[in-house]
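Working notes for the structure below.
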Amino acid sequence: MEVYHIYFFTLKIIILILLLLIFLRIIKLKSKIFILIDFIFKFSMGLLIIIFFSTNKSLNISKEDRLLFIVSGFILIILIDYIKVINILFNKNYMDIKCDYNIDS
C-alpha cells in the first residue's frame with residue numbers, strides 16, 4: 001500500500017467516525033474537532049484534485065474541463081475558514097458554538 005492510500009483510508013475512517021458522533025449528537029456541529037477535520041478534509045481533497053488533474057495527461061478531457069477541475073480544487077482550499085483553524089491551533093479564546101437543532105427558526 002502506498003503512503004497516500006494509507007492517508008486517505010485513515011481520513012475516510014476519521015470522517016465516518018465524526019459523522020457517526022455528530023449523528024448521535026455526541027459532538028456539536030461547530031466543535032473544535034469538527035472544524036479541524038473539516039480543514040484536513042478540504043485541504044487534502046483540494047490538493048488531490050489540483051495535483052491529479054494537472055499531472056495526469058492520459059485523461060481524455062478537454063483543456064477547459066481540466067482547468068475547471070483545477071480551479072475547483074483551488075476554490076475548495078480557499079473556502080476553508082483559516083481564522084477559526086488558527087485560533088483553535090493557537091488556543092486563542094475559541095469557544096465551542098452551541099448547536100441548535102431546532103428547525104423552527
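Residues in segment 27-43 that are hydroxyl-bearing (Ser, Thr, Tyr) and at pLDDT 85 or above: 0 in all. Close contacts from segment 66-91, counting a first residue that is within 15 Å of PHE43 (Cα to Cα) and touching a residue at least 12 places away in the same chain (Cβ under 8 Å) and a second that is part of a helix (DSSP H, G or I) and among the charged types (D, E, K, R), with Cβ to Cβ under 7 Å and a gap of 6+ residues or different chains, come to LEU76/LYS42; ILE77/LYS42; LEU79/LYS42; ILE80/LYS42.
Please determine whether any residue of segment 83-93 is in a loop (DSSP other than H, G, I, E, B), modelled with pLDDT under 90 and closer than 24 Å to VAL3 by Cβ. Within segment 83-93, none of the residues are in a loop (DSSP other than H, G, I, E, B), modelled with pLDDT under 90 and closer than 24 Å to VAL3 by Cβ. Under the condition of being surrounded by 15 or more Cβ atoms within 10 Å (Cβ to Cβ) and among the polar types (S, T, N, Q), the residues counted in segment 6-48 number 2.
The values are calculated or read from the model by the stated rules, or taken from the named source; none is laboratory data. Just so it is clear, the structure is predicted and the values come from calculations on it, not from any experiment. All Cβ positions, glycine included, derive from the backbone under ideal geometry; neighbour counts span all protein chains shown.
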